[in-house]
Amino acid sequence: MQCSGIVPTLYLVLKSDLRTISELNDIFKYAEDTTLLVPEHTDVDLNSEFNHIKQWAATNGLIINSYKTKEVVFRQPRVSCFHLPAAIDDIEQIDCCKLLGVMFQNNCKMDSHVQYILSQCAQRIYLLK
């Protein structure tokens, strides 16, 4: 889908009507990536929102790549009791993900992002030598 310069523009126009079911949930669209945020306390759960997106994709002749689709459950650091919700069918739950160059961890810490940036700096300094 990234081979043509016009394809991302067409996709932006196509997904302009993609919305969440609930106003409490958010959807962020950047190029051909879509991110769905569903808070703990909402009137429409994650499964319903995800099924809505899959239905929208099917209606528009698109396929959601389940291998690239990931789920992160954010939690407060140092929570004594935490209940991890069940994963959506065929979607992997991960602890850390990269979104627009920023590493997000499920415990809201930044050590993975700092490690990633330090690694990038070390690689570039090595190239400059």
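Exactly one residue among I63, I88, I27 is over 13 Å from the mean Cα position of the chain (by Cα), of a type outside the set (F, W, Y), surrounded by 15 or more Cβ atoms within 10 Å (Cβ to Cβ) and at pLDDT 75 or above, and that residue is I88.
Scanning for something acidic (D, E), out of contact with any Phe, Trp or Tyr (no Cβ under 7 Å at 6 or more places or on another chain) and not in a helix (DSSP H, G or I), does the range 107-128 turn up at least one residue? Within the range 107-128, not a single residue is acidic (D, E), out of contact with any Phe, Trp or Tyr (no Cβ under 7 Å at 6 or more places or on another chain) and not in a helix (DSSP H, G or I). Only residues that are within 20 Å of S66 (Cβ to Cβ) and either among the acidic types (D, E) or touching a residue at least 40 places away in the same chain (Cβ under 8 Å) (or both) were counted across the range 92-129, and they come to 3. Has the range 72-90 got any residue that is free of Cβ contacts under 8 Å to residues at least 24 places away in the same chain and within 30 Å of Q120 (Cβ to Cβ)? Scanning the range 72-90, I find at least one residue that is free of Cβ contacts under 8 Å to residues at least 24 places away in the same chain and within 30 Å of Q120 (Cβ to Cβ), so the answer is yes.
The values are calculated or read from the model by the stated rules, or taken from the named source; none is laboratory data. Everything numeric here is computed off the predicted structure, so don't read it as measured data. In this analysis, Cβ positions are derived from the backbone assuming ideal geometry, glycine residues included, and neighbour counts consider all displayed protein chains.
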